[in-house]
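Heads up: the structure comes next, in structure tokens.
The values are calculated or read from the model by the stated rules, or taken from the named source; none is laboratory data. Quick caveat, the model's predicted, so the values are computed rather than measured. For neighbour counting, all protein chains shown are included, and Cβ atoms are generated from backbone atoms with ideal geometry for every residue, glycine included.
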Amino acid sequence: MLAFPAAVQMIMEQAKLFPLKIEKKALAQACHRTVAQDIYATCDRPEADISAMDGYAFCHADMQTAAHGLPVVSKTVAGAYPLPLQQGTAQAILTGARIPQGANCVMAGERMHYNPETGYVMPAQALAKKGGNIRRVGEEFTRGTLLVRKGQILEWSHIAVLASQNIDSVKVVCPVRVALVANGGELSMQAQDKRADSNTPMLAAMLKTFGVTPKTYLAASDDQAHLMSVLEEAWQDTDCIVTTGGISVGDTDNVLDAFKALGAEPLFRGVKIRPGKPISVLKHGNKLAFCLPGNPGASALCAKIFLMPYLHAVMGADQPDLISGIADFSFEPLADTTHFIPVSGHKTSEGWCFTLLPTVGASDIRVLTQAVAFLEVSPQHPIRKGQICWATPL
């Protein structure tokens, strides 16, 4: 049985052997996908000096000396090139419209008084400063600025900034093809005491946030031959198999034996962690099988600390950042065991403050809805109240 750091290292070494594949995707379909190359700005943003609001554009010096305001001679809108501003005049302007040549100040319409009889406009409040309410060319970023790094997982915010550059497609890493295999006679529709499968939808949802849509399989039986046939089918069109349950020492725990019969070799069996101790990983060619515990709390944890880091690595994605905070509790781990404890958190002026959540153990799934992170506690580093610590966000 391996220590936690050694198990992670073995998995990361296997990730280096996985062949990376790249494809081009329409920007609208690229959310949650991993970018395969750096992406740079193709133009300044804004591309020109533009108005920050609906109102009036004018020369500050002209308005400052005009006792009765300035005549409004035209109107400019976004998407049009404005006429040059004539000396001693103003132009109505809409948000995002280019600033007319000769104008150096904009004031919001609600802060101005327009006289429809004379066609003149003047400040109803204090005159804005010279240069006020104008977004300057390139103030957000300039052409050639790195917008998205290789390895970044695209979120809606990245989609927005790329769309602003008229980028309609991006090169992304092909997602790993993952199979989720639930097993056990208790999942059969004919079982006298049928149990719901919460692991498969939970893990599928977790994977989808990373751009991976898994294929799901069910071996609703304790028969090893049936399990083998399901696993053999799952191997065919996938790069990675994830099973839940059936890896302990019970009479109906057949997963590891079924994999071995199909030619898979153990990478490791069991890790000195709590919960999730039975987790095992097997290898078949360049494909890995992650055999997670059946208890959903332990299954979620093992997916977070073993499966997801592996998928990030093989897809060239940045590993998620840990979050830091101050523990408001003490925790003494068992000797030779790394604990992962669920914590809630609230923001303070000094950052996160972590609170230990009560849990009924490896089967607890409600606690996952209350936690913000799993806090790693190794035998060498027990938690002391007031200590700064790092946690894996949920």
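Values for this structure:
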| quantity | calculated |
| --- | --- |
| Residue in segment 253-262 that is farther than 23 Å from Glu186 by Cβ, under 30 Å from the mean Cα position of the chain (by Cα), in the same structural domain as Lys304 (by TED's automatic domain parsing) and not β-branched (Val, Ile, Thr) present | no |
| Every residue from segment 7-43 that is under 13 Å from Ser169 (Cα atoms) and in a loop (DSSP other than H, G, I, E, B) | Ala30, Cys31, Arg33, Ala36, Gln37 |
| Per-region count, segment 200-229, residues within 21 Å of the chain's Cα centre (by Cα), of a type outside the set (A, V, I, L, M, F, W, C) and in a helix (DSSP H, G or I) | 3 |
| Residue count for segment 240-257, restricted to those that are at pLDDT below 95, out of contact with any Ser or Thr (no Cβ under 9 Å at 6 or more places or on another chain) and not hydroxyl-bearing (Ser, Thr, Tyr) | 6 |
| Qualifying positions in segment 356-394 - assigned to a loop (DSSP other than H, G, I, E, B) and either in the same structural domain as Pro309 (by TED's automatic domain parsing) or among the hydrophobic types (A, V, I, L, M, F, W, C) (or both) | Leu357, Val360, Ala362, Ile365, Ala371, Val372, Leu394 |
| Yes/no for Gly263 being at positive phi, in a loop (DSSP other than H, G, I, E, B) and surrounded by 15 or more Cβ atoms within 10 Å (Cβ to Cβ) | no |
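For every residue, the table says whether it meets (1) farther than 22 Å from Gln152 by Cα; (2) touching a helix residue (DSSP H, G or I) at 6+ places or on another chain (Cβ under 7 Å); (3) assigned by TED's automatic domain parsing to the domain that holds Ala160; (4) of a type outside the set (Ser, Thr, Tyr).
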| position | (1), (2), (3), (4) |
| --- | --- |
| Ala26 | no, no, yes, yes |
| Gln64 | yes, no, no, yes |
| Pro71 | yes, no, no, yes |
| Gly79 | yes, no, no, yes |
| Pro82 | yes, no, no, yes |
| Thr89 | yes, no, no, no |
| Ala97 | yes, no, no, yes |
| Pro100 | yes, no, no, yes |
